[in-house]
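Report on the structure given below.
The values are calculated or read from the model by the stated rules, or taken from the named source; none is laboratory data. Computed from a predicted model, the values in this text were never measured in an experiment. Using ideal geometry, Cβ is built from the backbone for each residue, glycine included, and neighbour counts are taken over all protein chains shown. The accessibility values were calculated without ligands, DNA or RNA, using every heavy atom of the protein model including side chains. Shrake-Rupley method; radii C 1.70, N 1.55, O 1.52, S 1.80 Å.
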Amino acid sequence: MQLKEKITAGGRLTFDEALSLYDMDFFELGALADAKRQALHGKKSYFNINRHINPTNICADVCKFCAYSANRKNPNPYTMSHEQIMEIVKETSARGIKEVHIVSAHNPDTGLEWYLDIFKKIKTEFPHLHIKALTAAEVDFLARHYGKTYDEILDLMVAYGVDSMPGGGAEIFDEGVREYICKGKVTSQQWLDIHRKWHERGRKSNVTMLFGHVESRAHRIDHMMRIRDLQDETHGFNCFIPLVYQTENNYLKIEAPITANEILRTMAIARIVLDNMPNIKAYWVTSTVNLALVAQEFGANDLDGTIEKESINSAAGAKSANGIDLEEFVGLIKNSGFIPVERDSVYNEIKVW
Ligand code: SF4
């Protein structure tokens, strides 16, 4: 059977077949991904209204691609007090926002309580808020630094009110690339083990892939395959989020940024290869809003949200990281021929706009 027929018939792709999709005609590839997307979601494009909070940028790890943590290139260390965080949450809730997305650097000086108590405070005062917090990289750091097992940290997260886990820290699973770009951080296997354990607790999470730096196309396919395997086991991932590497203020020194064509190809391939993943996100903070709108025709069915105040990618040069007006966002989705659907954090539909 030809590859195109196999995809149309819903066949599962091998590594080599998936890799060969990069050589397919651009629009043919887009059409195949779009058919998959439409079979799952029609013309609906999901988004949610959330507030990103990045409580500290002081980090015990040194990832080459990172422009967020305080270092020589970014000599601006900060750690928020719980009062400061609660002030943001209070104001966020007052405006009807339903999710706080809390991700920090790996600060070795705050104590475990600083990381955890804030979740309890938020849940106690704002029980309706969904708390998405602590990447697997943070879980690994906290476990190592405070002499706990992953199970213990994950149980504490549940007990303190974390509802779901973000997908950060996955980067690229290939061990060689990882050694080069983020040596010392959570390993690929550990990242996957942590998410498996989280899913075993009946909880959902997302999974990212940082691409457009030193990795090859084969590394991206390998990354997707490892995700597909775990998803077969647990069905705990809501969404795959390809993150476009941002070139500024970091130590990787990538001269040629990835092209829009390559970004869209990667989105489309993800939609085809990840046949067990409900949602593919075009995270416009790293891809730009315009490209995210086009990505809707290349397999992406989620545009994240209005994203109020994001610090991590904006530090690395992402130009659109300070949020977007809701009316404008909805208008852009409609004008591009799709149906904006506001969702909650676990993809229940809240409102069709
Ligand atoms: S990516 Fe995360 S873990 Fe790595 S240096 Fe930056 S803040 Fe620290």
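Less than 5 angstrom separates the built amide H of Cys66 from those of Tyr251, all sequence-distant by 5 or more or on a different chain.
Using a 4.7 Å Cβ-Cβ cutoff, the cysteines of the chain lacking any partner cysteine are Cys59, Cys239.
Show me the trypsin sites (Lys or Arg not before Pro) within segment 80-109 that DSSP assigns to loop and that have at most 15 other Cβ atoms within 10 Å of their Cβ. Don't skip to the answer; put the middle values down first.
On the way: sites: Lys90, Arg95, Lys98; in loops: Arg95, Lys98.
Here the trypsin sites (Lys or Arg not before Pro) that fit, given the DSSP loop and packing criteria, are Arg95.
Couplings for segment 9-20, taken from phi via the Karplus curve 6.51 cos²θ - 1.76 cosθ + 1.60 with θ = phi - 60°, read 7, x, x, 8, 7, 7, 4, 5, 5, 4, 5, 5 Hz in order; Gly and Pro are left as x.
With charges set only on the Cβ (+1 for Lys and Arg, -1 for Asp and Glu), what does the dipole of segment 61-109 come to about its Cα centre, in debye to the nearest 20? Could the numbers behind the result be given before it?
On the way: 6 positive and 6 negative charges, 55 e Å.
In debye, rounded to 20, segment 61-109 gives about 260.
Longer than 23 Å from Cα to Cα, which of Lys44/Lys197; Lys6/Lys36; Lys36/Lys132 are they? Say none if no pair is.
On the way: Lys44/Lys197 31 Å; Lys6/Lys36 13 Å; Lys36/Lys132 28 Å.
As for pairs spanning more than 23 Å Cα to Cα, those are Lys44/Lys197; Lys36/Lys132.
Any idea what the alpha-carbon Rg over 2.2 N^0.38 Å comes to for the chain? Write down the numbers at each step before the final one.
Numbers: Rg = 19.3 Å, N = 353, 2.2 N^0.38 = 20.4 Å.
Dividing the Cα Rg of the chain by 2.2 N^0.38 Å gives 0.94.
Shown for segment 1-117 is the translational diffusion coefficient from the Stokes-Einstein equation, using the Kirkwood radius over Cα pairs, a temperature of 4 °C and a viscosity of 1.567 mPa s: 69 µm²/s. Placing unit charges on the Cβ atoms of the charged side chains and taking the dipole of segment 1-122 about its Cα centre, the candidate lying farthest along the positive direction among Thr8, Ala105, His41 is His41. Note on the chain: with a GNM built from Cα contacts shorter than 10 Å, the maximum mean-square fluctuation among Arg226, Arg37, Arg265 falls on Arg226. Under 5 Å between amide hydrogens, built in the peptide plane, is the criterion, and for Ser216 it picks out nothing among residues at least 5 positions away or on other chains.
Mean projection of the Cα convex hull over all viewing directions, computed for segment 67-221: 10.2 nm². Residues Thr286, Thr247, Thr124, ordered by accessible area of protein heavy atoms at a 1.4 angstrom probe radius and largest first, appear as Thr124, Thr247, Thr286. Of the residues Phe338, Ile269, His82, the one whose Cα sits farthest towards the positive end of the charge dipole of the chain is Phe338 (charges of +1 on Lys and Arg Cβ, -1 on Asp and Glu Cβ, taken about the Cα centre).
Think of the chain as a dipole: +1 on every Lys or Arg Cβ, -1 on every Asp or Glu Cβ, centred on the Cα centre; then among Trp284, Val352, Phe26, Val352 lies furthest on the positive end. About its Cα centre, segment 16-67 has a charge dipole of approximately 560 debye under the convention of +1 per Lys or Arg Cβ and -1 per Asp or Glu Cβ, with nothing else charged. Build a GNM of the chain with springs between Cα atoms under 10 Å apart, and of Tyr46, Tyr146, Tyr283 the one that fluctuates most is Tyr146. Proximity of backbone amide H atoms, modeled 1.01 Å from N, is registered between Asn50 and Thr306, Ile307, Glu308 at under 5 Å, excluding neighbours fewer than 5 places apart on the same chain.
Counting only protein heavy atoms and using a 1.4 Å probe, the accessible area of Leu243 comes to about 30 Å². About its Cα centre, the dipole of the chain is roughly 240 debye, where the only charges are +1 on Lys and Arg Cβ and -1 on Asp and Glu Cβ. Within the listed set Trp191, Trp114, Trp284, the Gaussian network model of the chain (springs between alpha-carbon atoms below 10 Å) gives the highest mean-square fluctuation for Trp114. In order along segment 202-213, the Karplus-derived 3J(HN,Hα) couplings, from 6.51 cos²θ - 1.76 cosθ + 1.60 at θ = phi - 60°, round to x, 9, 9, 8, 10, 9, 9, 8, 8, 9, x, 10 Hz, and Gly and Pro are given as x.
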